[in-house]
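Shown next, in structure tokens, is the structure this report addresses.
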Amino acid sequence: MPAAGERRTLARALTTLIEKKAQRDGPDSVADQVIGEHIGKSRTTVWKLRMGHEVNPKIETLEALARFFGVRVSYFLDEDSAAAADEQLDSLLAARRLQEVAEKHGVQGVNARLGSLSANSLAAVAQLIEELGESEGQESATHDRATPFKSPQLPRADRP
């Protein structure tokens, strides 16, 4: 986000989208050549947009970029729209990471239960699952994935 009073640029918006897509789909998915092929422009044009050398693209270019990155054109024009879209993209990335971590450690069915959590909460749950999986060693790797997740039995205060 730009500092208070600083105007958000197309280059900054594009850089943010590139970083988020690279996290989600890998760095090869956002090479200038790849983006250019998807939006019908040269890699040089994409580079110019990304570096801030091309600051006034045609609306068709913005529409193609928006389709490629899965956002609305308003992402490039309005700070509030961009902030809302960034939050959604962050939540999707966190949910994907959580799903991968959960599956790696044999936990299933988490998406339906965690859909209302924020990106930060999803990241915290993913970290917790990783830490628990590491503390239990290889036990989760050898566990049958069809076995439902069971909470450990905690000692009760009234038991000796």
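No value in this document is a laboratory result; all are computed from the given coordinates. Please read all numbers here as calculations on a predicted model, not as lab measurements. So basically every Cβ, Gly included, is an ideal-geometry build from the backbone, and we count neighbours across all protein chains shown.
General observations
- Extension gain, GLN33 to VAL73: 0.36 nm times the residue separation minus the Cα-Cα distance gives 12.3 nm.
- Percent RCO, i.e. relative contact order, over region 1-100, from Cα pairs under 8 Å lying at least 6 residues apart: 26
- Cα-based reach from LYS58 at 26 Å (exclusive), listing lysines while leaving out same-chain residues under 8 positions away: LYS20, LYS21, LYS41, LYS48
- Ranked by the mean number of other Cβ atoms within 10 Å of their residues, highest first, the peptides 73-82, 92-101 fall in the order 92-101, 73-82.
- If R0 equals 25 Å, the separation of the Cβ atoms of GLU19 and LEU128 corresponds to a calculated FRET efficiency of about 0.45.
- The Cβ shell under 12 Å around ALA11 holds other residues with a net charge of +4, Lys and Arg each +1, Asp and Glu each -1.
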